[in-house]
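Student: Before I ask anything, let me first share the structure, which is written out below as structure tokens.
Computed from the coordinates by the stated procedures, all read-outs in this text should not be read as laboratory data. Small disclaimer: the values here were computed from a predicted structure and weren't measured. As a convention, Cβ positions derive from the backbone with ideal geometry for all residues, glycine included, and neighbour counts pool all protein chains shown.
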Amino acid sequence: MSARRAFITGITGQDGSYLAELLSAEGYEVHGLFRPGESVNERGTDICRHECDLEDGAGLRRIVGAIRPDECYHLAAQSVVGGEELPTIRINVTGTLHLLQALRESADCRLFLAGSSEMFGHVDRAPQNENTPLRPRNVYGVSKVAAYQLMRVYREQDGMFACCGILYNHESPRRGPQFVTRKITRAAVRISLGQESELLLGNLEAVRDWGHARDYVKAMWLMLQQDTPDDYVVATGQLRTVRDFVVAAFAAVGLDWQPYVRVSPEFFRPAEKIPFIGDSSKAAAKLGWRPETAFSDLVSEMVNKELACYGVLGTVRPS
């Protein structure tokens, strides 16, 4: 019996890398979509590489037709960077439409679409669940809602097995340096080594529902193993402040954070009156999924990875 084939867009991101490892461990033949010329450290996972832009509908149809995947995980997306809103719409919406068309034309394939808590936008209740109204308040959120609604059209009118995971904030040692969690762990390590003297941050009381990417990709996989397609919130259900993350990261390197952290107004964002916190009880009941990584373990993993970059190994233990 041949191995099941999985096709992952966005395979170069943190979610894509963890998902590729999970699927490989489950015996899948893993195929990944790369932007032309894009390189990545594949961390030892045997990945079949395919180069194509998401905006190239014909190219996607050729690739999907050649792979004939059993499962497709659509993780690729772009957030608004430097005010470039149009590329966000093109990649997140038009790119999703091209992929849906390719999957419909080529084979009977199960699809996972990566959603975001940004789809909820102006929330009027907490925690949020699958029935919370979608009222996005930025272009990225709008693009994610549009992609989700396109997916529903293909599920309801064409019978496609398609699921959306509404993912709350999730981090890992593979997180990019532009994200605040990585900024914090990187600065804590560099300060502990005498290479930096301070960390500039915005509102320390801003709250997030933070989980581990490794746990969240397992929820993605479980969604496609069910008898019927459905949508699920994926979250820890626990709120932490930016201050909590800072305290844990600096404690992991043996430092009191207060002498080194300075609040700067330039990094402030408008405060949320009602916090973004996810209710993943549906995923627990139907998928048997629960987050497995404690907050302290997540921070310790991220700090250890930073230390390893400087040749300092195995010094941090979860508090």
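Student: Write down the percent of antiparallel bridges among all DSSP beta bridges whose residues are both part of the chain, to the nearest 5.
Tutor: Values: 3 of 36 bridges.
Bridges in the chain that DSSP calls antiparallel: roughly 10 percent.
Student: For a quick protection proxy, order the peptides 259-266, 248-255 by their average other-Cβ count within 10 Å, most packed first. Intermediate results must be reported in sequence, preceding the final value.
Tutor: On the way: 259-266: 11.6, 248-255: 20.6.
Result, highest mean first: 248-255, 259-266.
Student: Same structure again: Hull surface divided by four, with the convex hull built on the Cα atoms of segment 61-140: how many nm²?
Tutor: Working: hull surface 25.6 nm².
One quarter of the hull surface, i.e. the mean projection, equals 6.4 nm².
Student: P(r) tail for segment 113-233, what percent of Cα pairs lie past 22 Å? Before the final figure, lay out the partial values.
Tutor: Working: 3442 of 7260 pairs.
Result: 47 percent of Cα pairs exceed 22 Å.
Student: Let me ask something else. What are the extents of the Cα atoms of segment 214-300 along their three principal axes, listed from largest to smallest and rounded to whole Å?
Tutor: On the principal axes, segment 214-300 reaches 54, 31, 17 Å in Cα extent.
Student: Helices from the chain with mean Kyte-Doolittle at least -0.5 and a Cα length along the axis of 24 Å or more, per DSSP H: which?
Tutor: Working: long enough: 139-158 (28 Å, -0.30).
Those that pass (Cα extent of 24 Å or more, hydropathy at least -0.5) are 139-158.
Student: Run the reach check for LYS282 against lysines, Cα to Cα strictly under 29 Å, same-chain hits fewer than 8 apart removed. What comes back?
Tutor: LYS144, LYS218, LYS273
Student: Right, here's the next one. Report, to two decimal places, the Cα Rg of segment 5-167 normalised by 2.2 N^0.38 Å (N = number of residues). Write out the running numbers ahead of the final one.
Tutor: Numbers: Rg = 15.6 Å, N = 163, 2.2 N^0.38 = 15.2 Å.
In units of the globular-protein estimate, segment 5-167 measures up at 1.02.
Student: Would you please classify the overall shape of the chain from the alpha carbon gyration tensor, given that a ≥ b ≥ c denote the square roots of the eigenvalues, rounded means a/c under 1.5, and beyond that prolate means a/b larger than b/c while oblate covers the rest? Please list the in-between numbers first.
Tutor: Values: a/c = 1.79, a/b = 1.49, b/c = 1.20.
In terms of gyration-tensor shape, prolate.
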